[in-house]
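For reference, the structure is listed below as C-alpha cells.
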Amino acid sequence: MPLAAGRWSDDFVRQVREKADVVAVISDAVALRRAGRSWIGLCPFHEEKTPSFTVSPERGMFHCFGCHAGGDVISFVMRREGLDFRDAVQALAERFGVPVPQAARSPAEERAAAQREQWLRCCEVAAAHFERALRGEPRARAYVAARGLTAASVEGWRLGYAPPEWEGLVAALRAAGIPAAVAEQLGLLAPRPGGDGHYDVFRDRLMFPIADERGRIIGFGGRTLGEDSRKYINSRESPLFAKRRVWYGLHLARQAMRAGGRAIVVEGYLDAIMAHQHGFTSAVASLGTALSAEQAGAIVRYAEEIVVAYDADAAGAAATWRGLGLLQGGAARVRVLDMPPGHDPDEWLREAGPAAFAAALDNARPLPEYLVGSIAARSDLSHVGGRLAAARELAPLLARTPDPAERTTYVEWAARRLLLDDPAALGDMVRRHLTEKGEGYRNRSGWHPNDVSASGRPSAAPPHRAPSGAVRAQEGILAVLGRRADLLAGAGAALSPEDFDPGERRDLAVALWELAGDRAGLGDGGETALARLLDGPLQEPARGFAARLLLAEEWDGDPEPLLASCAATLRRVRLQERLDAIRAAQRQLEGAGTPVPDDMKRETERLQREIADLKGRASGRAAAGGRV
C-alpha cells in the first residue's frame, strides 16, 4: 500500500506494532517481572511504591491502574521519548528491523524539506567556521581559559569565535555553495545598505551554537570580546530558531534528566556549560528569564522535578515568576535554588565547587514557598493596601499549583505570611482565578503530566474518582462499537460524536464514525475497529484511550443490549442537562418578575416525560436481568 504524503501506511504501522516487542521496549525504562501472562512494574509516569503498571505482551498494550496511562508500544514511545506518531513509528521500525518505506511527498513538501535542509546546512557550515576561527585566535582562547572552560567543554559544546572582519562568514558560506540570501534568512548575514552584497552579523564574539533536541544547529548566541555595548546577541527569530521553543543544551541534558528525574534550569550559556563541566549534566539554559509555555512543555517530558537556579536579580523579576508558574503547572515539582547575592551558577560553581552547589540543589525551596517569601519581602505589609496588593499578585501564581491539597496549604500559610486581616481573602482570590480560567488553567497548554496526552512524569497519580453514569455510558458505547464493526456501521442513526464529552472520548468517537463511513476501512470483520485505528496515526489522548478499551476484558453475552442500555443512559443524561439549563433560565425569569413563556413550559414537560420514559425502560431491563 503506497504512502500518502507525509503519512505512514496502515500496513506499515501494523507491521511495526506486530514486530515491536512491547515488553522489551518498556523494559528499557521499567523493571518488569512476570505475573501470569502479563508483566508488572512501577509506573514510569508517576511515583508509586506498589506496582500498578501492567504490560500485556499478547495484546501489545500497557496500562497503569494508578494514573490510568495506557496504550500500545507506539503510545509508550511517544509518551516516554516525547516523539510524535511518525517519529515513534520510525524509531521502532529501525530498532526491530522493519524496512522503512520512503514517503511520497508532494512538490510543495519536497520544496519545504529541501529548504529546511539548506538552512540546517548553512548553520552547520557557520558553526564549523566559528570553531576553526577559535582555534586560530589566541585572544579568544585566552578568554575561554580565563572563564575556566576546559578543552572538553569547548569541544562538546562546539564553542567558536566570530572574527572581527566583516566578510569572514560570507566567504565561508560562498565556498560551501550556500547563497547569502539563505544565511540572511537565519540572521547570520545582513545586506549592505548600498545593496552591494552582505556582511557578517556576528563579529568579534565568542560563539555559542544553539542546537535542537536532536543536536542539529539551529541558531547562535554571541558574547562580545570587544567594546560592543550589547554584551550578548542571539540569532534573530527564523524558520529554524524560535527562542520561546528552545532550551540551550537540551540535546546534551535530556538523558541525564530522564535518568535522575531532575532538570536544572539556569539562565545563560556559561551557566549551563559550567554546570555540565562540574557534573550537573541535567542543566539547561532558558536563554532569558521569561519562560514560555512551549519551553515548559519541552522540558517536563523529561523530568518530574525542576530546580531553577537563576541569579538573585533574575529570580526576582515578575516575568520570571510568570514563567516559573508555567513550569509549576506542568511539572510535578518546581523548586528554586537560593543563590548567594551577586552570583550566578557559573561564578558560584567556580568559586565554591560542586559540593556547595549540590547541597543547594537538595535544599532548594518549593516554588510556592519561594514566591510567597519573595513577594512578602518586597511588599509593604504595614498597611492594608500593601497586604492586599501582595495577595492580588500572589493569587494567580498559587492558582497554578497542581495539587489541590498542596495549594490549600500554601494559601493558608501565605495568608498568615502576608498578615492578611481576613485569611480567607487570599483563598477567595485563588478560587476566582481557577473559576474564571477554568479547571484547565493550570495545564491549558495541554502538557500537564496528569493528563494522558502528556509525556511528562507527575509526582503522584491523580486522585481516582468513580466515573459518572454519563462517562460509563460513553465508554461502554465506544467499547462495543470499537469491537463490533457491524454495529458501528449503523450507529450513526441514533448517535453522533457530538453526544460524547470533548476530549479523548469525542476524539475517539470522531475517528470511529469516520471509519464507519469508509466501508473498506472497516475491513472484513477479522480485526476490530479499535485495532484498525491503532494502525493509523490516531493521536493522544484518544490513542491511549482506544488501547485501554482494547486491553480491557471482553464482556460476556450479546453486546447489543449493552449498547442499547448505554445509549439510553447517555440520552437520558443529555436530556437532563437540557432540562436543568431550562429550569435555571425559568428561575432567572421568575426572579426578575418576568412570566415564563408557554413554549418553555411545554419544553420542560416534554423533557420530563422523555426522561421518565427512559428511566422506566431502564428499570424494565434491569428487572429482566439486562445490563444498565
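The values are calculated or read from the model by the stated rules, or taken from the named source; none is laboratory data. The structure displayed is predicted, hence computed values, not measured ones. Cβ coordinates were reconstructed from backbone atoms using ideal geometry, including for glycine residues, and neighbour counts include every protein chain displayed.
If the condition is being over 16 Å from Tyr269 (Cα atoms) and over 34 Å from the mean Cα position of the chain (by Cα), then the range 203-248 contributes Arg203, Asp204, Gly226, Glu227, Asp228, Ser229. Consider the range 414-432 and keep the residues that are within 22 Å of Leu326 (Cα to Cα) and either surrounded by fewer than 18 Cβ atoms within 10 Å (Cβ to Cβ) or not assigned by TED's automatic domain parsing to the domain that holds Ser374 (or both). The one that is modelled with the lowest pLDDT is Arg432.
Note on the range 555-614: residues that are among the β-branched types (Val, Ile, Thr) and under 30 Å from Leu481 (Cβ atoms) amount to 3. Report yes if Ile178 is hydrophobic (A, V, I, L, M, F, W, C) and closer than 30 Å to Leu361 by Cα, otherwise no. So Ile178 does not fit the description; no. Mind checking whether some residue in the range 608-626 is assigned to a helix (DSSP H, G or I), crowded, with 17+ Cβ neighbours inside 10 Å and at pLDDT 80 or above? Yes, there is a match, as at least one residue in the range 608-626 is assigned to a helix (DSSP H, G or I), crowded, with 17+ Cβ neighbours inside 10 Å and at pLDDT 80 or above. Would you check if Arg505 is modelled with pLDDT of 80 or more and exposed (fewer than 14 other Cβ atoms within 10 Å of the Cβ)? Spelling it out, it is not the case that Arg505 is modelled with pLDDT of 80 or more and exposed (fewer than 14 other Cβ atoms within 10 Å of the Cβ).
Inside the range 221-267, can you point out the residues that are part of a strand (DSSP E or B), closer than 17 Å to Gly297 by Cβ and of a type in the set (Gly, Ala, Ser)? Across the range 221-267, the qualifying residue is only Ala263.
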